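Participant: Sharing a structure below in structure tokens format, with a few things to ask.
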Amino acid sequence: MDIINKKYRILEKIGEGAFGSIYKGQNIRTQELVAIKVEPITNQTKLLKNESTIYQYLNNIPGIPSVKWFGKDTENYYMVINLLGESLQTIKNRRNCFSLKLVLQIGIHIVELLKTIHEKGLVHRDIKPDNFLVGLNGENKRIFIIDFGFCKSYLLDGISHIPQKKTHNLIGSQTYASLNAHKLIELSRRDDLESLGYMLLYFYSGFLPWQLDKSSENVMRYKQDIVEDTSLPQVLPNYLKYVRSLGFSDKPNYIMIIENFKKELCV
């Protein structure tokens with residue numbers, strides 16, 4: 001597995017997830033550094049194949065990595081994308097917590113990204129700090145969204161919204177999952193935004209009160225009550241109250257959210 005597709009050399013392992021592993025690699029012809037995701041064929045989940053299809057569908061959108069190659073051999077599926085920098089989680093580990101100004105700036109970037117993805121008829125369904133990376137070199141001010149393994153369309157035939165139904169289990173990360181995810185309700189646009197709300201609270205406070213709790217019921221109760229926490233800057237609970245008020249098929253008012261965050265930055 002040292003050379004992939006007679007073109008990409010594996011250099012070092014840089015992470016792993018439910019799908020398999022991710023490596024830093026290099027194009028042996030151009031010397032360009034890349035990221036290579038590897039999923040064993042024996043997994044039979046085909047998450048990587050689904051993800052590569054979504055990346056190709058979202059091609060040329062700022063903040064979305066580009067797929068350079070997708071293929072397989074007898075053992076694994078491979079996806080080669082552009083190499084990115086640190087995740088927001090890694091940066092948070094180093095800095096403990098972020099200023100409200102930085103939290104809101106991150107929020108604006110990500111709401112704009114989610115707006116673009118949602119306008120393409122998709123919901124990400126796994127919004128968490130590990131899935132947002134900064135760019136490298138000249139793009140170090142840009143935030144990229146990754147890991148589309150759980151992503152799916154919320155439209156039927158590209159036109160009408162899917163009906164609300166029950167899911168078999170909680171989708172995404174329990175720490176950042178929406179209340180609807182805990183209730184095993186199919187996820188839609190509002191749920192991506194609610195997960196972002198918990199992420200922003202995490203960046204601001206440095207810790208979420210439910211982070212170490214394994215009980216879904218307790219986590220739900222903590223999440224429900226967090227909007228009443230008067231120690232938080234009101235802009236964050238207000239954001240959560242708004243996204244929780246949205247119906248299953250409602251289109252969020254992204255522009256209003258961004259304007260509210262910008263207004264707070266000007267105070």
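Participant: Is it the case that residue 162 is aliphatic (A, V, I, L, M), farther than 20 Å from residue 55 by Cβ and touching an Asp or Glu at 6+ places or on another chain (Cβ under 8 Å)?
Facilitator: Yes, satisfied.
Participant: Continuing with this model, one more query. Can you name the residue in the stretch 227-267 that is of a type in the set (Ser, Thr, Tyr) and buried (at least 17 other Cβ atoms within 10 Å of the Cβ) and, of all such residues, is nearest to residue 114 (Cα to Cα)?
Facilitator: By that ranking, first place goes to 254.
Participant: Mind checking whether some residue in the stretch 126-145 is farther than 21 Å from residue 56 by Cβ, among the basic types (Lys, Arg), in contact with a Gly (Cβ under 8 Å, 6 or more places away or on another chain) and not in a helix (DSSP H, G or I)?
Facilitator: Yes, that holds for at least one residue.
Participant: Being in contact with a Leu (Cβ under 8 Å, 6 or more places away or on another chain) and crowded, with 19+ Cβ neighbours inside 10 Å is the filter here; which residues of the stretch 123-142 pass it?
Facilitator: Within the stretch 123-142, 123, 124, 125, 127, 129, 132, 133 meet the criteria.
Participant: Could you tell me which numbered condition residue 164 fails, if it satisfies all but one of (1) touching a residue at least 60 places away in the same chain (Cβ under 8 Å); (2) in a loop (DSSP other than H, G, I, E, B); (3) within 18 Å of the chain's Cα centre (by Cα)?
Facilitator: (3)
Let's see how each residue does on (1) over 30 Å from residue 112 (Cα atoms); (2) in contact (Cβ under 8 Å) with a residue 24 or more places away in the chain; (3) within 16 Å of the chain's Cα centre (by Cα):
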| site | (1), (2), (3) |
| --- | --- |
| 3 | yes, yes, no |
| 14 | no, no, no |
| 24 | no, yes, no |
| 30 | yes, no, no |
| 55 | no, yes, yes |
| 58 | no, yes, yes |
| 65 | no, yes, yes |
| 72 | yes, yes, no |
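Participant: Let me ask something else. Cβ contacts < 6 Å: first residue in a helix (DSSP H, G or I), restricted to the stretch 85-106; second residue acidic (Asp, Glu), any location; separation 6+ or different chain. Result?
Facilitator: Matching pairs, first to second residue: 89/130; 104/264.
Participant: While we're looking at this one, here's another question. Considering only the stretch 212-226, state which residues are at pLDDT 95 or above and within 19 Å of residue 97 (Cα to Cα).
Facilitator: 226
The values are calculated or read from the model by the stated rules, or taken from the named source; none is laboratory data. Predicted model only: the values in this text are computed from it and were never measured. We place every Cβ from the backbone using ideal geometry, glycine too, and count neighbours over all the protein chains shown.
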